[in-house]
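Engineer: Got a structure for you, questions after.
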Amino acid sequence: MRKFRAVDFVSIFALCILFIAYPAGHLSDRLGRKRMSIGATLLGAVGAVLLLFAKGHVVLSFMGLELTDLLLYGSIIGLSAGIYLSANWALATDLIPKQEAAGYLGITNLATAGAGVLAGLGGPVIDLFNARQKGMRYTALFLTAFLTYLVGATALLKIGERRVAI
């Protein structure tokens, strides 16, 4: 069995986003952007909880390729991210005033990029948990992700959805 590498996780994550983003956009036209965004956050929460229990065991082996529980659960988060990115950007474009679209979309893009920057600050926090008790770093990471997904889903409940004719 080949040892797990972080590049495997990132690759699976990126492939899931790539393959789900376009169909998720079409589906959000039919089911509603808010509903899809909330569903995506809840799916991400499920993936985060499952990652708490991942041990790196092989769950599927096919032609020399092995899918571990870690990659499987990570792919759930990748699917969640792809669905969320499609549906949430569509929701944002529906909600903003058309005359001020560039400014609002710029702010939305800064918020999206800022989240990536803030995620990098999680490393020292995770190290703090690990210093208190060995092995706590990933538990802290996945629990924080789970709680963040739930907060995001709750915040989405308060947003009104306008349907824009296509």
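Engineer: Quick check, is LEU91 in contact with an Asp or Glu (Cβ under 8 Å, 6 or more places away or on another chain), of a type outside the set (D, E, K, R), closer than 27 Å to ASP29 by Cα and part of a helix (DSSP H, G or I)?
Structural biologist: yes
Engineer: Right, here's the next one. State the number of residues belonging to the range 108-132 that are at pLDDT below 80 and either in contact with a Phe, Trp or Tyr (Cβ under 8 Å, 6 or more places away or on another chain) or not in a helix (DSSP H, G or I) (or both).
Structural biologist: Number satisfying all stated conditions: 2.
Engineer: Next question, about the same structure. What number of residues within the range 81-102 are closer than 19 Å to ILE159 by Cβ and without any contact (Cβ under 8 Å) to a residue 60 or more places away in the chain?
Structural biologist: Matching residues across the range 81-102 total 9.
Engineer: While we're on this one: When you check PHE146 against the structure, is it assigned to a helix (DSSP H, G or I) and in contact with a Leu (Cβ under 7 Å, 6 or more places away or on another chain), yes or no?
Structural biologist: Here the answer is no, as PHE146 does not meet what is asked.
Engineer: If LEU70 meets every condition in (1) out of contact with any Gly (no Cβ under 7 Å at 6 or more places or on another chain); (2) over 20 Å from LEU156 (Cβ atoms); (3) assigned to a helix (DSSP H, G or I) apart from one, which number is that one?
Structural biologist: (1)
Engineer: From PHE4, PHE13, grab the single residue that is modelled with pLDDT under 90 and under 14 Å from ALA81 (Cβ atoms).
Structural biologist: None of the other options fit; the residue is PHE13.
Engineer: Next up: Out of the range 103-133, which residues are under 19 Å from ALA90 (Cβ atoms) and either touching a residue at least 12 places away in the same chain (Cβ under 8 Å) or of a type in the set (S, T, N, Q) (or both)? Break it down stepwise before answering.
Structural biologist: Here is the first cut: in the range 103-133, the residues under 19 Å from ALA90 (Cβ atoms) are 103-113, 115.
Across the range 103-133, the qualifying residues are TYR104, LEU105, THR108, ASN109, THR112.
Engineer: Residue check: is TYR104 surrounded by 11 or more Cβ atoms within 10 Å (Cβ to Cβ), closer than 24 Å to PHE9 by Cβ and among the hydroxyl-bearing types (Ser, Thr, Tyr)?
Structural biologist: no
The values are calculated or read from the model by the stated rules, or taken from the named source; none is laboratory data. These numbers come from a predicted model, not from an experiment. Cβ coordinates were reconstructed from backbone atoms using ideal geometry, including for glycine residues, and neighbour counts include every protein chain displayed.
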